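Here's the structure we're looking at; comments come further down.
The values are calculated or read from the model by the stated rules, or taken from the named source; none is laboratory data. Because the structure is predicted, anything quoted here is derived from the model rather than measured. In this analysis, Cβ positions are derived from the backbone assuming ideal geometry, glycine residues included, and neighbour counts consider all displayed protein chains. We work out accessible area using only protein heavy atoms, side chains counted, and drop any ligands, DNA or RNA first. Shrake-Rupley method; radii C 1.70, N 1.55, O 1.52, S 1.80 Å.
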Amino acid sequence: LQKLLGDKFVASDGKTPTDVETTAKDADLIGIYWSAHWCGPCRGFTPKLVTFVEMLEEEGINFPVIFASGDKDQESFAKYFGSFAGPQWSAFPQGDKRITLLKKKYGVKGIPWLVVLDKQGNLICNEADAVVPKGPSVFNEWLKVAKAKA
């Protein structure tokens with residue numbers, strides 16, 4: 001996972017440095033979420049994703065999400081990320097080149113866009129934002145895919 005994602009992230013406060021090992025600790029799956037404050041559909045979907053992550057947490061499931069911001073400046077990034085990020089969240093630093101590289105790797109065509117990976121960095125679900133509204137049971141479907149790939 002570190003090889004794929006690198007190792008420098010910021011914690012949910014948008015400032016504190018963290019790494020992929022800390023971010024993905026005790027997690028079977030991890031999400032990468034492309035979004036931006038200026039995107040209306042993102043502002044509509046982000047609260048659904050936050051609720052999804054919180055519902056999983058209530059069931060004892062850790063599903064960390066790494067925010068890949070499409071915001072154009074640090075202030076917009078910090079304000080948007082700060083509006084929704086909880087303890088399970090981290091982010092690529094604003095403007096980080098990995099955001100674009102991973103966007104190309106997974107064929108991200110627009111935002112919001114959520115990709116789910118297993119601990120080895122294997123793609124489990126692309127465009128997972130389309131199925132998140134089904135609720136936490138979709139996480140079990142992702143786990144089945146992950147186990148089949150293991």
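Please determine, by comparing only the residues of region 108-140 that are under 14 Å from GLY31 (Cβ atoms) and among the charged types (D, E, K, R), which one is surrounded by the fewest Cβ atoms within 10 Å (Cβ to Cβ).
For region 108-140, the residue satisfying everything is LYS119.
Condition first: over 14 Å from the mean Cα position of the chain (by Cα), among the polar types (S, T, N, Q), closer than 14 Å to ALA11 by Cα and surrounded by 15 or more Cβ atoms within 10 Å (Cβ to Cβ). Now tell me which residues in region 66-104 satisfy that.
Once the filter is applied, which keeps residues that are over 14 Å from the mean Cα position of the chain (by Cα), among the polar types (S, T, N, Q), closer than 14 Å to ALA11 by Cα and surrounded by 15 or more Cβ atoms within 10 Å (Cβ to Cβ), region 66-104 yields only GLN94.
In region 37-65, what residues are more than 15 Å from PHE139 (Cβ to Cβ) and either among the polar types (S, T, N, Q) or buried (at least 18 other Cβ atoms within 10 Å of the Cβ) (or both)?
Selection gives HIS37, CYS39, CYS42, PHE45, THR46.
Does GLY14 satisfy being assigned to a strand (DSSP E or B) and either basic (Lys, Arg) or open to solvent by less than 40 Å² (accessible area, probe 1.4 Å) (or both)?
no
Looking at THR18, THR46, THR23 in this structure, which one is within 19 Å of PRO133 (Cα to Cα) and in contact (Cβ under 8 Å) with a residue 60 or more places away in the chain?
Just one listed residue meets the conditions, THR46.
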